[in-house]
1. Touching a residue at least 60 places away in the same chain (Cβ under 8 Å) and among the aromatic types (F, W, Y): which single residue out of F88, F153, F110, F83 fits that description?
2. Checking the conditions here, which among T68, T80, T13 is of a type in the set (S, T, N, Q), buried (at least 21 other Cβ atoms within 10 Å of the Cβ) and touching an Asp or Glu at 6+ places or on another chain (Cβ under 7 Å)?
3. Just to be sure I understand, how many residues within the range 135-157 are under 23 Å from A31 (Cβ atoms) and surrounded by fewer than 20 Cβ atoms within 10 Å (Cβ to Cβ)?
4. Identify all residues within the range 1-42 that are under 16 Å from the mean Cα position of the chain (by Cα) and part of a helix (DSSP H, G or I); write none if there are none.
5. Could you tell me which numbered condition W87 fails, if it satisfies all but one of (1) of a type outside the set (S, T, N, Q); (2) more than 17 Å from A105 (Cβ to Cβ); (3) surrounded by fewer than 14 Cβ atoms within 10 Å (Cβ to Cβ)?
Amino acid sequence: MTFTPLPMPTLETERLILRTWKPEDVECVHAVFSDEENAKYIGGTKPRWQSWRHFAMIIGHWNLHGFTQFAIETKDTRATVGFAGPWFPEGWSEPEIGYSLVPDAHGQGFATEAAIATLKYAYQDLGWKTAISSIDEHNDGSKHVARKMGAIFENRTMLFEEFPAETWRHLPPEQFLERHA
């Protein structure tokens, strides 16, 4: 059986390569979801088989929408450290820019760098006119990323009627692209 990569573009930032998915990237997805501290903000820990299903969902999202979150690879180590980008699954109120990193990659600015690059892509290449980030109400790290991007808190909501979250509204395209030129 062969793996066919998605025809995703590759985005580059100063320190990151945002790219299509490879079969071995399931290890990164599992690292995100197997760490209790990390996963508590994104639905809780998952055994490997559920991490694989999430990995498959990210890839399948491309076929349904023509966009999905990118694998985040560092330029210096070539390690896959997370995923970020456009996201709009069933049940979401609006298109979102989401981001998750493996625990060892936290605190280095990777989430902000990747989220800015992928929101630029969503505005410039996908033609989005608006974007949000849905953030667990206790996830101060993700709120910090949203603030650095220029997003503002909009409201509290419940995802799937069971997960308390906050909606953070990103700047409109013109303002965002001017701020992050």
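1. The conditions single out F110.
2. On the way: T68 fails: touching an Asp or Glu at 6+ places or on another chain (Cβ under 7 Å); T13 fails: buried (at least 21 other Cβ atoms within 10 Å of the Cβ).
From the options T68, T80, T13, the qualifying one is T80.
3. 7
4. Matches in the range 1-42: D25, V26, C28, V29, H30, A31, V32, F33, N38, A39.
5. (3)
Read-outs: derived from the displayed coordinates by stated rules, not from any lab. Note that the structure is predicted; figures quoted are calculated from it, not measured. Cβ: placed from backbone, ideal geometry, glycine included. Neighbour counts: every protein chain shown.
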